[in-house]
Amino acid sequence: MMRQQLSRLFKAALVAASLVVSVAPLGFGTAQAREPIFLPEQPFDLQNILPPPPAETSPQEADELAELHRIEESRTAEAEERAKSDDAEEEVFIYRTIFGKDFSAERLPAVASFFSRIKNDASLFAKAGKVAWHRRRPVAVDPTLHPIGRGTSESYPSGHATLGWLDGIILAAMVPEKREEILTRAADYAHNRLICGVHFRSDIEAGQVAATVASRLLMQNVQFQTEFLAARSELVRAHLASGP
């Protein structure tokens with residue numbers, strides 16, 4: 001019965017993931033474990049998954065820099081505060097805006113543990129792309145930008161976007177009745193990297209695609225499936241997801 005439930009939830013998640021990519025076709029500050037937990041063994045060849053980022057001085061990158069200038073000129077104080085908050089938080093609990101104050105590490109230890117392990121793998125997955133392309137951050141290319149915060153890793157793909165989308169896809173599988181709200185929050189979290197001015201749009205889009213691919217790989221792992229069910233059960237007991 002539980003296996004049937006798991007299969008149904010994962011199928012819904014993969015449909016959601018596919019829709020996410022079709023809607024928008026095309027690092028992490030905290031140190032993580034050096035080896036993947038749920039993903040297959042490294043190396044991850046993102047060069048066969050993602051297109052290369054736009055070249056410096058290319059018309060596409062010029063358009064992306066112009067977009068960042070427009071965003072910077074129009075961003076409000078409220079938008080800046082939201083973007084700063086998301087910049088500082090790299091946890092699944094950004095989704096408390098949907099679930100409320102009970103959606104916390106203190107009340108949901110199984111959820112916290114499970115998603116911290118996902119974060120480890122998301123970081124390694126995104127890092128593979130960063131190392132492959134070594135794309136510079138927008139302000140390094142155009143010093144006239146005024147970003148909120150400064151990224152220290154390479155720009156492509158966005159680590160925050162990869163993590164936010166990956167958490168969102170998996171959480172939407174756990175709580176399918178809130179799928180639309182969860183994926184909307186994932187999109188907002190990723191977009192806030194543009195509000196901060198620390199990533200190009202193509203970095204964000206690449207993070208979204210990377211997260212979708214990573215979610216498919218994770219869902220094939222038996223240990224992931226076991227921990228997924230335990231975390232979902234905890235959400236059900238906390239009345240944050242519908243049973244069984």
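The values are calculated or read from the model by the stated rules, or taken from the named source; none is laboratory data. Computed from a prediction, not measured in an experiment: that's the story for all the values here. We place every Cβ from the backbone using ideal geometry, glycine too, and count neighbours over all the protein chains shown.
Which of the following residues is out of contact with any helix residue (DSSP H, G or I) (no Cβ under 9 Å at 6 or more places or on another chain) and not acidic (Asp, Glu): Ala140, Ala161? Show your work before the answer.
On the way: Ala161 fails: out of contact with any helix residue (DSSP H, G or I) (no Cβ under 9 Å at 6 or more places or on another chain).
None of the other options fit; the residue is Ala140.
Can you find, within segment 148-195, the residue that is modelled with the highest pLDDT among those that are outside any helix (DSSP H, G or I), surrounded by fewer than 24 Cβ atoms within 10 Å (Cβ to Cβ) and of a type in the set (Ser, Thr, Tyr)?
Filtering segment 148-195 for residues that are outside any helix (DSSP H, G or I), surrounded by fewer than 24 Cβ atoms within 10 Å (Cβ to Cβ) and of a type in the set (Ser, Thr, Tyr), the one modelled with the highest pLDDT comes out as Ser153.
Residues of segment 70-90 being among the polar types (S, T, N, Q), over 24 Å from Lys119 (Cβ atoms) and assigned to a helix (DSSP H, G or I), which ones? Before the answer, list the steps.
Step one: filter segment 70-90 for residues among the polar types (S, T, N, Q), giving 74, 76, 85.
Checking the rest, the ones that are also over 24 Å from Lys119 (Cβ atoms) come to 74, 76.
Listed by number, the list holds a single entry, Ser74.
Can you report the number of residues in segment 17-64 which are modelled with pLDDT of 50 or more, surrounded by 17 or more Cβ atoms within 10 Å (Cβ to Cβ) and in a helix (DSSP H, G or I)?
Summing the residues that are modelled with pLDDT of 50 or more, surrounded by 17 or more Cβ atoms within 10 Å (Cβ to Cβ) and in a helix (DSSP H, G or I) in segment 17-64 gives 3.
Counting only residues that are part of a loop (DSSP other than H, G, I, E, B) and basic (Lys, Arg), which one in segment 114-147 is surrounded by the fewest Cβ atoms within 10 Å (Cβ to Cβ)?
Arg136
Could you run through segment 91-100 and say how many residues are charged (D, E, K, R), over 11 Å from Leu240 (Cβ atoms) and either assigned to a helix (DSSP H, G or I) or at pLDDT below 95 (or both)?
Here the count works out to 0.
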